[in-house]
Amino acid sequence: YVDDVICALDPGAGTCPLATPTPTPSSTPTCNGIGQSCATASQCCSLSCSAGTCQSSCSNGQQDGGETGVDCGGGTCPACPLGGGCAGNTDCIGSVCSAGTCICGAGQTDCNLNPNDGCEVATASDPNNCGSCGSVCSFQNATAGCSASQCTISSCSANYSNCNNQNIDGCEVNTSADNSNCGGCGMVCPFAMNCIASVCQ
């Protein structure tokens, strides 16, 4: 037991057994980069081997070759989804490139929350998403429109007019039966006459 204590305090003393060396981890095999020679796809980091040379790939889950994002952009791969990497607008699907990332441009929004079709809604002009997603324009007796992110009246229904020029109440006058606006705004029927089918009678 004395020898054990001595060896614990000073392993190099006396007849202490030599320490077993710690094994050195074996190095991980490396893969070949784009342009390097290969015999099989597994030898390439891109997992793509053609004509004995490692090639870039648009489906290996890596950003390689001229790609601006992972498996996208750069001209040789499909354009990148919203949030993907880019060098210019052509690298993006339905969006614009800003500071290396595909984002929605002015007046454009990703209303369906699907980055793969970009910013599919023009909120500046879409009456079903006017100014923001889900903001629907609707007016009485009228077809609604959207301009500069504001709801507008595109046209009035047949025989109706927006005589007060206010969008809030739509096309409020039935010009086919209104004695004060017979056939059109401000066209008043003479005394004792009525507006019938847009004509004072």
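The values are calculated or read from the model by the stated rules, or taken from the named source; none is laboratory data. In this text, all values refer to a predicted model and were calculated from it rather than measured experimentally. All Cβ positions, even for glycine, are placed from backbone atoms using ideal geometry, and neighbour counts span all protein chains on display. SASA here: full protein model, heavy atoms, side chains in, ligands and nucleic acids out. Shrake-Rupley method; radii C 1.70, N 1.55, O 1.52, S 1.80 Å.
The condition of being over 25 Å from Asp64 (Cα atoms) and either in a loop (DSSP other than H, G, I, E, B) or open to solvent by less than 40 Å² (accessible area, probe 1.4 Å) (or both) holds for only one of Cys111, Cys97, that being Cys111. Applying the set (1) loosely packed, with under 15 Cβ neighbours inside 10 Å; (2) under 27 Å from the mean Cα position of the chain (by Cα) to Ser157 leaves exactly one unmet item: (2). Somewhere in the stretch 128-139, is a residue more than 26 Å from the chain's Cα centre (by Cα) and modelled with pLDDT of 95 or more? Checked the stretch 128-139: at least one residue is more than 26 Å from the chain's Cα centre (by Cα) and modelled with pLDDT of 95 or more. Is one or more of the residues making up the stretch 141-164 touching a residue at least 24 places away in the same chain (Cβ under 8 Å) and part of a helix (DSSP H, G or I)? No, the stretch 141-164 has no match at all. Inspect all residues belonging to the stretch 67-79 and state whether any of them is closer than 30 Å to Pro127 by Cα, modelled with pLDDT under 95 and among the polar types (S, T, N, Q). No, that holds for no residue.
When only residues in the stretch 169-201 that are among the hydrophobic types (A, V, I, L, M, F, W, C) and in contact (Cβ under 8 Å) with a residue 24 or more places away in the chain count, which is farthest from Thr143 (Cα to Cα)? The residue in question is Cys185. Return a yes/no flag: does the stretch 116-134 have any residue that is open to solvent by 50 Å² or more (accessible area, probe 1.4 Å) and either touching a Phe, Trp or Tyr at 6+ places or on another chain (Cβ under 9 Å) or part of a helix (DSSP H, G or I) (or both). Yes, because at least one residue in the stretch 116-134 is open to solvent by 50 Å² or more (accessible area, probe 1.4 Å) and either touching a Phe, Trp or Tyr at 6+ places or on another chain (Cβ under 9 Å) or part of a helix (DSSP H, G or I) (or both).
Residues in the stretch 37-47 that are at pLDDT below 90 and open to solvent by 30 Å² or more (accessible area, probe 1.4 Å): Ala41, Ser42, Cys45, Leu47.
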